[in-house]
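The values are calculated or read from the model by the stated rules, or taken from the named source; none is laboratory data. None of these values were measured; they are calculated from a predicted model. Ideal geometry is used to build each Cβ from the backbone, glycine not excepted, and the neighbour counts take in all protein chains shown. Heads up: the accessible areas ignore ligands, DNA and RNA and are worked out on the full protein's heavy atoms, side chains in. Shrake-Rupley method; radii C 1.70, N 1.55, O 1.52, S 1.80 Å.
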Amino acid sequence: MEVTKLQKQNHYDEIAQQIKEMIMQGQLKMGDKLPSTKELSERFGVGRSTMREALSALKAMGLIEIRQGGACRVIRQSPSEVSLPEWTSLRMNRTTLLELMEVRQSLEISIAAIAARKRTPEDLAQLERIMQDMGTSVGNDAEGERTDLGFHQLLVQATHNSIMEQTFESIRNAMEMMIRDIRRAELYANQEVAVQLLREHKVIYEAICSGDPVLASQAMREHLEHVESILIKYI
(Lines give C-alpha, C1' and ligand atoms only; values in the text may rest on other atoms or scores of the structure.)
Protein backbone atom coordinates (compact mmCIF):
# COMPACT_ATOMS: atom_id res chain seq x y z
CA MET A 1 0.00 0.00 0.00
CA GLU A 2 1.90 3.04 -1.30
CA VAL A 3 0.76 6.44 -0.05
CA THR A 4 1.76 10.06 -0.56
CA LYS A 5 3.08 11.52 2.68
CA LEU A 6 1.40 14.82 3.54
CA GLN A 7 3.31 18.01 4.14
CA LYS A 8 0.63 19.63 6.29
CA GLN A 9 -1.12 18.34 9.40
CA ASN A 10 -4.84 17.56 9.95
CA HIS A 11 -5.59 16.84 6.29
CA TYR A 12 -7.81 13.89 7.06
CA ASP A 13 -9.94 14.66 4.00
CA GLU A 14 -6.87 14.30 1.76
CA ILE A 15 -5.96 11.02 3.43
CA ALA A 16 -9.51 9.73 3.00
CA GLN A 17 -9.42 10.75 -0.67
CA GLN A 18 -6.13 8.89 -1.28
CA ILE A 19 -7.40 5.68 0.28
CA LYS A 20 -10.76 6.06 -1.46
CA GLU A 21 -9.00 6.25 -4.83
CA MET A 22 -6.93 3.14 -4.00
CA ILE A 23 -10.15 1.27 -3.27
CA MET A 24 -12.01 2.50 -6.36
CA GLN A 25 -9.01 1.77 -8.62
CA GLY A 26 -8.70 -1.77 -7.24
CA GLN A 27 -5.38 -1.32 -5.45
CA LEU A 28 -7.31 -2.24 -2.32
CA LYS A 29 -10.00 -4.88 -2.87
CA MET A 30 -13.06 -6.02 -0.95
CA GLY A 31 -11.95 -8.03 2.05
CA ASP A 32 -8.49 -6.45 2.21
CA LYS A 33 -7.37 -5.39 5.66
CA LEU A 34 -5.82 -1.95 6.07
CA PRO A 35 -2.62 -1.49 8.06
CA SER A 36 -3.03 -0.49 11.72
CA THR A 37 -3.88 3.09 12.61
CA LYS A 38 -0.36 3.47 14.00
CA GLU A 39 1.25 2.26 10.79
CA LEU A 40 -1.01 4.38 8.59
CA SER A 41 -0.36 7.51 10.64
CA GLU A 42 3.40 6.93 10.23
CA ARG A 43 3.07 6.38 6.48
CA PHE A 44 1.05 9.57 5.97
CA GLY A 45 3.10 11.55 8.47
CA VAL A 46 0.14 12.60 10.63
CA GLY A 47 -1.05 11.99 14.18
CA ARG A 48 -3.27 9.03 15.07
CA SER A 49 -6.28 11.28 15.80
CA THR A 50 -6.06 12.68 12.25
CA MET A 51 -5.78 9.15 10.86
CA ARG A 52 -8.82 8.02 12.86
CA GLU A 53 -10.86 10.89 11.40
CA ALA A 54 -9.86 9.86 7.89
CA LEU A 55 -10.90 6.26 8.60
CA SER A 56 -14.21 7.49 10.06
CA ALA A 57 -14.83 9.40 6.82
CA LEU A 58 -14.18 6.24 4.79
CA LYS A 59 -16.55 4.32 7.04
CA ALA A 60 -19.21 7.00 6.52
CA MET A 61 -18.78 6.55 2.76
CA GLY A 62 -19.50 2.84 3.26
CA LEU A 63 -16.07 1.83 1.94
CA ILE A 64 -14.61 0.22 5.05
CA GLU A 65 -15.74 -1.28 8.33
CA ILE A 66 -13.99 -0.51 11.58
CA ARG A 67 -14.12 -3.43 13.97
CA GLN A 68 -13.80 -3.37 17.73
CA GLY A 69 -10.13 -2.82 18.48
CA GLY A 70 -9.64 -0.60 15.43
CA ALA A 71 -9.05 -3.18 12.68
CA CYS A 72 -10.29 -1.92 9.30
CA ARG A 73 -11.40 -3.93 6.27
CA VAL A 74 -12.57 -2.86 2.80
CA ILE A 75 -16.25 -3.76 2.29
CA ARG A 76 -17.15 -1.85 -0.91
CA GLN A 77 -15.35 -0.74 -4.09
CA SER A 78 -17.37 2.49 -4.44
CA PRO A 79 -19.04 4.87 -1.96
CA SER A 80 -22.55 4.02 -0.81
CA GLU A 81 -25.43 6.19 -1.99
CA VAL A 82 -26.09 7.65 1.45
CA SER A 83 -22.55 9.00 1.90
CA LEU A 84 -21.86 12.74 1.96
CA PRO A 85 -18.56 13.01 0.06
CA GLU A 86 -18.24 16.77 -0.53
CA TRP A 87 -16.33 17.39 2.71
CA THR A 88 -14.45 20.47 1.51
CA SER A 89 -17.48 22.37 0.25
CA LEU A 90 -19.47 21.49 3.35
CA ARG A 91 -16.79 22.61 5.78
CA MET A 92 -17.14 26.33 5.08
CA ASN A 93 -20.88 26.39 4.51
CA ARG A 94 -22.75 27.65 7.60
CA THR A 95 -26.18 27.01 6.08
CA THR A 96 -25.31 23.39 5.35
CA LEU A 97 -24.04 22.91 8.90
CA LEU A 98 -27.27 24.25 10.37
CA GLU A 99 -29.23 21.93 8.10
CA LEU A 100 -27.08 18.99 9.18
CA MET A 101 -27.75 19.88 12.83
CA GLU A 102 -31.49 19.78 12.15
CA VAL A 103 -31.25 16.40 10.42
CA ARG A 104 -29.01 14.97 13.13
CA GLN A 105 -31.35 16.10 15.88
CA SER A 106 -34.36 14.47 14.21
CA LEU A 107 -32.40 11.28 13.58
CA GLU A 108 -30.88 10.98 17.06
CA ILE A 109 -34.21 11.60 18.78
CA SER A 110 -35.59 8.65 16.81
CA ILE A 111 -32.47 6.61 17.54
CA ALA A 112 -32.92 7.14 21.29
CA ALA A 113 -36.54 5.99 21.16
CA ILE A 114 -35.75 2.90 19.07
CA ALA A 115 -32.75 2.01 21.24
CA ALA A 116 -34.95 2.18 24.34
CA ARG A 117 -37.23 -0.44 22.77
CA LYS A 118 -34.66 -2.73 21.14
CA ARG A 119 -31.56 -2.58 23.37
CA THR A 120 -30.16 -5.87 24.56
CA PRO A 121 -28.37 -6.73 27.82
CA GLU A 122 -25.08 -6.52 25.90
CA ASP A 123 -25.98 -3.03 24.64
CA LEU A 124 -26.71 -1.91 28.20
CA ALA A 125 -23.42 -3.34 29.45
CA GLN A 126 -21.49 -1.42 26.79
CA LEU A 127 -23.38 1.79 27.60
CA GLU A 128 -22.64 1.33 31.28
CA ARG A 129 -18.92 1.01 30.57
CA ILE A 130 -18.83 4.13 28.39
CA MET A 131 -20.75 6.07 31.07
CA GLN A 132 -18.11 5.06 33.62
CA ASP A 133 -15.35 6.23 31.26
CA MET A 134 -17.22 9.46 30.65
CA GLY A 135 -17.40 10.13 34.38
CA THR A 136 -13.62 9.88 34.75
CA SER A 137 -12.83 12.01 31.68
CA VAL A 138 -14.60 15.26 32.66
CA GLY A 139 -12.34 18.18 31.74
CA ASN A 140 -10.09 16.05 29.49
CA ASP A 141 -10.93 17.23 25.98
CA ALA A 142 -9.54 14.22 24.08
CA GLU A 143 -11.14 11.63 26.36
CA GLY A 144 -14.33 13.65 26.62
CA GLU A 145 -14.62 13.65 22.86
CA ARG A 146 -13.90 9.91 22.62
CA THR A 147 -16.48 8.91 25.23
CA ASP A 148 -19.14 11.28 23.90
CA LEU A 149 -18.79 9.95 20.36
CA GLY A 150 -18.67 6.42 21.73
CA PHE A 151 -21.90 6.91 23.66
CA HIS A 152 -23.82 8.12 20.62
CA GLN A 153 -22.33 5.36 18.48
CA LEU A 154 -23.45 2.72 20.97
CA LEU A 155 -26.97 4.16 20.93
CA VAL A 156 -27.29 3.81 17.17
CA GLN A 157 -25.88 0.28 17.39
CA ALA A 158 -28.58 -0.48 19.96
CA THR A 159 -31.24 0.21 17.32
CA HIS A 160 -30.00 -2.91 15.47
CA ASN A 161 -30.84 -1.13 12.22
CA SER A 162 -27.97 -1.08 9.71
CA ILE A 163 -29.55 1.61 7.51
CA MET A 164 -30.03 3.85 10.54
CA GLU A 165 -26.41 3.33 11.54
CA GLN A 166 -25.02 4.10 8.09
CA THR A 167 -27.16 7.23 7.69
CA PHE A 168 -26.17 8.45 11.13
CA GLU A 169 -22.46 7.90 10.41
CA SER A 170 -22.63 9.91 7.18
CA ILE A 171 -24.30 12.89 8.80
CA ARG A 172 -22.22 12.77 11.97
CA ASN A 173 -18.88 12.60 10.19
CA ALA A 174 -19.74 15.42 7.79
CA MET A 175 -20.76 17.66 10.68
CA GLU A 176 -17.85 16.76 12.95
CA MET A 177 -15.27 17.60 10.33
CA MET A 178 -16.61 21.16 10.34
CA ILE A 179 -16.91 21.74 14.08
CA ARG A 180 -14.26 19.50 15.65
CA ASP A 181 -11.96 22.23 16.96
CA ILE A 182 -14.84 24.35 18.28
CA ARG A 183 -16.44 21.36 19.93
CA ARG A 184 -13.29 20.32 21.76
CA ALA A 185 -12.61 23.80 23.13
CA GLU A 186 -16.15 24.74 24.09
CA LEU A 187 -17.59 21.40 25.22
CA TYR A 188 -14.98 18.99 26.57
CA ALA A 189 -12.25 21.30 27.88
CA ASN A 190 -14.80 23.46 29.72
CA GLN A 191 -15.29 21.84 33.13
CA GLU A 192 -18.74 23.31 33.80
CA VAL A 193 -20.09 22.34 30.39
CA ALA A 194 -18.50 18.87 30.58
CA VAL A 195 -20.23 18.20 33.92
CA GLN A 196 -23.58 19.23 32.46
CA LEU A 197 -23.06 17.01 29.42
CA LEU A 198 -22.36 14.09 31.75
CA ARG A 199 -25.68 14.71 33.53
CA GLU A 200 -27.53 14.84 30.21
CA HIS A 201 -25.97 11.60 29.00
CA LYS A 202 -26.88 9.96 32.30
CA VAL A 203 -30.55 10.89 31.84
CA ILE A 204 -30.52 9.42 28.33
CA TYR A 205 -28.77 6.28 29.58
CA GLU A 206 -31.28 5.78 32.41
CA ALA A 207 -34.19 6.18 29.99
CA ILE A 208 -32.66 3.55 27.69
CA CYS A 209 -32.14 1.22 30.65
CA SER A 210 -35.75 1.60 31.74
CA GLY A 211 -37.00 0.93 28.21
CA ASP A 212 -38.87 4.26 28.03
CA PRO A 213 -38.80 5.54 24.42
CA VAL A 214 -40.69 8.75 25.21
CA LEU A 215 -38.33 9.76 28.00
CA ALA A 216 -35.29 8.72 25.95
CA SER A 217 -36.29 10.85 22.96
CA GLN A 218 -37.15 13.81 25.23
CA ALA A 219 -33.78 13.57 27.01
CA MET A 220 -31.95 13.35 23.68
CA ARG A 221 -33.78 16.41 22.35
CA GLU A 222 -32.85 18.48 25.40
CA HIS A 223 -29.22 17.31 25.20
CA LEU A 224 -28.82 18.16 21.51
CA GLU A 225 -30.53 21.53 21.91
CA HIS A 226 -28.07 22.38 24.69
CA VAL A 227 -25.04 21.34 22.60
CA GLU A 228 -26.27 23.20 19.55
CA SER A 229 -26.95 26.36 21.58
CA ILE A 230 -23.24 26.41 22.43
CA LEU A 231 -21.87 25.51 19.01
CA ILE A 232 -24.05 27.90 17.04
CA LYS A 233 -22.32 30.89 18.64
CA TYR A 234 -19.09 29.97 16.86
CA ILE A 235 -20.19 29.04 13.37
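Points worth noting:
- The figure for Asp123 is an accessible area of roughly 10 square angstrom, using a 1.4 Å probe on the protein chains alone.
- Counting 0.36 nm for each residue step from Arg43 to Glu225 and taking away their Cα separation leaves a gain of 61.5 nm.
- Fully extending the segment from Lys233 to Ser106, taken as 0.36 nm per residue of separation minus the present Cα-Cα distance, adds 43.6 nm.
- Accessible surface calculations at 1.4 Å, restricted to protein heavy atoms, place segment 11-74 at 46 Å² per residue.
- Extension reserve of the Asn140-Met24 stretch, reckoned as 0.36 nm per residue once the Cα distance is removed: 37.9 nm
- Among residues other than Ile64 with Cβ under 9 Å from its Cβ, the summed charge is +2 (Lys and Arg +1, Asp and Glu -1).
- With R₀ fixed at 45 Å, the C-beta to C-beta distance from Val214 to Gln77 puts the FRET efficiency at about 0.60.
- Amide H contacts of Ser36: none lie under 5 Å away among residues 5 or more positions distant or on a separate chain (H built 1.01 Å from N in the peptide plane; Pro and chain starts excluded).
- Excluding ligands, DNA and RNA, the accessible surface per residue across segment 94-232 is 44 Å² with a 1.4 Å probe.
- Net charge, Ile109 excluded, C-beta distance under 15 Å - Lys, Arg +1, Asp, Glu -1: -3
- Each Cα pair of segment 94-232 feeds into the Kirkwood radius, which the Stokes-Einstein equation turns, at 10 °C and 1.306 mPa s, into a diffusion coefficient of 107 µm²/s.
- Flagged links, alpha-carbon separation over 21 Å, of Lys59/Lys233; Lys118/Lys202; Lys33/Lys118; Lys38/Lys202: Lys59/Lys233; Lys33/Lys118; Lys38/Lys202
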